[in-house]
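The values are calculated or read from the model by the stated rules, or taken from the named source; none is laboratory data. Model, not experiment: these values are computed from the prediction. Neighbour counts run over all protein chains shown; Cβ positions are idealised from the backbone, glycine included. SASA here: full protein model, heavy atoms, side chains in, ligands and nucleic acids out. Shrake-Rupley method; radii C 1.70, N 1.55, O 1.52, S 1.80 Å.
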Amino acid sequence: MGVRVGVLGAGTMGRRHLQALRGDPRVEIVGVADVAAEAARTAAETVGARPCRSVADLADLGVQAVFVTLPNVYHGEAVLEALDRGLHVFSEKPMATTLEAGRQILRRVRDGDRVYQMGFNRRWAPAYRFLRRHVDGGFTPYSANVKINDGDMLTPSWYTNVGISGGFMYDTAVHLIDMVAWLVGPIETVAALGRKSCYPDYDDIGLLLRCRGDRPVAFSTCGHASWAAPQERVELYGDHALLASEDLDRARYTTREQPQAEWQHFPSPDMVTLWGYVDEDRAFIDACLGRGRPPVTVDDAFHSLAVLHAAYASIAAGGAPLPVPAE
Ligand SMILES: NC(=O)c1ccc[n+]([C@@H]2O[C@H](COP(=O)([O-])OP(=O)(O)OC[C@H]3O[C@@H](n4cnc5c(N)ncnc54)[C@H](O)[C@@H]3O)[C@@H](O)[C@H]2O)c1
């Protein structure tokens, strides 16, 4: 038996998930909803689904699971409505743009029996899998240095509107916040400095994170760096050893004995596979079918939201170190 799926939001990410989902024979894509009728119609056409407008319409079509791929500020309300209607939910990041909405989702998911999975696709990207395999295999990262940049903040059109995005870091940096928590450990305190350089939002930000076990992480993010590779880079420092990744397709492990170890390159057949969307969507469908828990949980989602909340509060406080708020 398969899963009847609907997609809410037929923009860039909605279409990417449709592309990933159409390759999974267990999935029946039933409806595609968007407030822009033309966007819903053209996206629905590509997968033989019905176009519609809202979560309520998707529920009426009999979907069992919904992918929430709306602009950030709408995630909280849409996710809560979908859960209330008894649907499993895959939500694009961020979980929400306020702590209060995040807390409501956390409680609703914990008190219910529906699957909730957050769209931290990098956990399935080959470069990050390589890092995680080494950490699982005994490499201890004592500290780290990470960066993630955007070339510009021109797309989507709402990117620089804080009322919709929640803030620059909710869009791209949130992915590496999750990577730090996943690879180094939960983040306990944050100090952040930011400036508004090329856009009306903070677009140059430096963070100092303290992860569990007193592990310091230096983190920087910029919204106007040009599109030169690598746009993201992670360095994890172990006991005379270094684990590094650049973008999503290359990584290497060097030690005192082998400082020249080669970069490993991980080619993928297409972008939706390389970026992890295919595997993250499969994992979600597995969970909907009762085969395991969703690998990126509601707790992981809330943690990243709480870290960003503390980061913006620290910027407002002139860089003071602040604890990451509890649930
Ligand atoms: N995981 C990733 O790699 C990744 C990459 C890009 C974007 N995202 C996330 O995906 C989400 C969508 O981003 P995007 O780039 O696809 O945006 P987008 O603007 O391209 O698409 C959003 C769509 O939602 C529709 N919409 C807006 N409000 C709506 C509502 N209330 N009801 C129904 N439809 C509505 C818009 O008409 C638009 O078609 C964002 O949360 C973003 O942060 C994730």
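Does anyone have the angle between helix 126-136 and the longest principal axis of the chain? Alpha-carbon axes, 0 to 90°, nearest 10? Helix 126-136 sits roughly 60 degrees off the main axis of the chain. Over all other residues within a Cβ to Cβ distance under 12 Å of Ala127, the charged ones net out to +4, with Lys and Arg as +1 and Asp and Glu as -1.
For the Cα atoms of the chain, what angle does the longest principal axis make with the long axis of helix 12-21, in degrees from 0 to 90, nearest 10? Value to nearest ten degrees: 80. Comparing Gly238, Gly166, Gly290 in a Gaussian network model of the chain, where Cα atoms under 10 Å apart are tied by springs, the biggest mean-square fluctuation is seen for Gly290. Which listed residue (Pro51, Ile29, Cys288) has the Cα farthest towards the positive end of the charge dipole for the chain, taking +1 on Lys and Arg C-beta and -1 on Asp and Glu C-beta about the Cα centre? It is Cys288. Since only Thr255, Thr297, Trp227 are under comparison, the one whose Cα sits farthest along the positive direction of the charge dipole of the stretch 176-306, derived from C-beta charges on Lys, Arg, Asp and Glu, is Thr255.
Restricting the count to DSSP beta bridges whose residues both fall in the chain, what percent are antiparallel, rounded to a multiple of 5?
Numbers: 37 of 63 bridges.
Close to 60 percent.
With all protein chains in place and a 1.4 Å probe, the accessible surface of the stretch 168-327 carries 53 percent carbon and sulfur. Helix 75-84 and the longest principal axis of the Cα set of the chain meet at an angle near 50°. Here the stretch 76-124 and the stretch 225-246 have alpha carbon centers that stand 30 Å from each other. If you take the alpha carbon atoms of the stretch 45-178 and fit the smallest convex hull around them, that volume is 169 Å³ per residue.
Taking Cα pairs under 8 Å and at least six residues apart, what relative contact order does the stretch 137-212 come out at, in percent? If you can, show how the numbers build up before the last one.
On the way: 85 pairs, mean separation 19.9, N = 76.
Result for the stretch 137-212 is 26 percent.
Note down the relative contact order for the chain as a percent, whole number, built from C-alpha pairs under 8 angstrom at least six residues apart.
On the way: 718 pairs, mean separation 62.6, N = 327.
Normalised by residue count, the contact order of the chain is 19 percent.
Shown here are the Rg and Dmax of the Cα trace of the stretch 38-119, at 12.9, 38 Å. Of the residues Trp182, Trp158, Trp275, the one that moves most in a GNM of the chain with alpha-carbon contacts below 10 Å is Trp158.
Using a probe of 1.4 angstrom and keeping all protein chains present, the accessible surface of the chain works out to 42 square angstrom per residue. Using a Förster radius of 56 Å, what is the FRET efficiency between Ser226 and Asp111 based on their Cβ-Cβ separation? Nearest 0.05, please. Rounded to the nearest 0.05, the efficiency is 0.75.
Express the relative contact order of the stretch 178-232 as a whole percentage, based on alpha carbon pairs under 8 Å and six or more residues apart in sequence.
Values: 79 pairs, mean separation 15.2, N = 55.
This gives 28 percent for the stretch 178-232.
Note that the stretch 93-102 has calculated 3J(HN,Hα) couplings of 6, x, 3, 6, 10, 10, 4, 4, 5, x Hz, one per residue in order, obtained from phi through the Karplus relation 6.51 cos²θ - 1.76 cosθ + 1.60 (θ = phi - 60°); glycine and proline are x.
Looking at the P(r) of the stretch 230-306, how many percent of alpha-carbon pairs lie beyond 20 Å? Write down the numbers at each step before the final one.
Details: 1625 of 2926 pairs.
It works out to 56 percent of all Cα pairs.
Put a dot 7 Å past the Cα of Arg293, heading toward its Cβ, do the same for Tyr74, and the two dots end up 3.2 nm apart. Extents of the stretch 174-327, taken as max minus min of Cα coordinates on every principal axis and listed largest first, are 45, 44, 35 Å. Computed over neighbours whose Cβ is under 11 Å from that of Glu262, the net charge equals +2, Lys and Arg +1, Asp and Glu -1.
Taking all pairs of distinct Cα atoms, average 1/r, flip it, and tell me the Kirkwood hydrodynamic radius of the chain in Å to one decimal place. Each step should come with its number before you reach the end.
Working: mean 1/r = 0.0494 Å⁻¹.
After inverting the mean inverse Cα-Cα distance, the result is 20.2 Å.
Seen from Gly138, the other residues with C-beta closer than 14 Å to its C-beta sum to a net charge of 0, counting Lys and Arg as +1 and Asp and Glu as -1.
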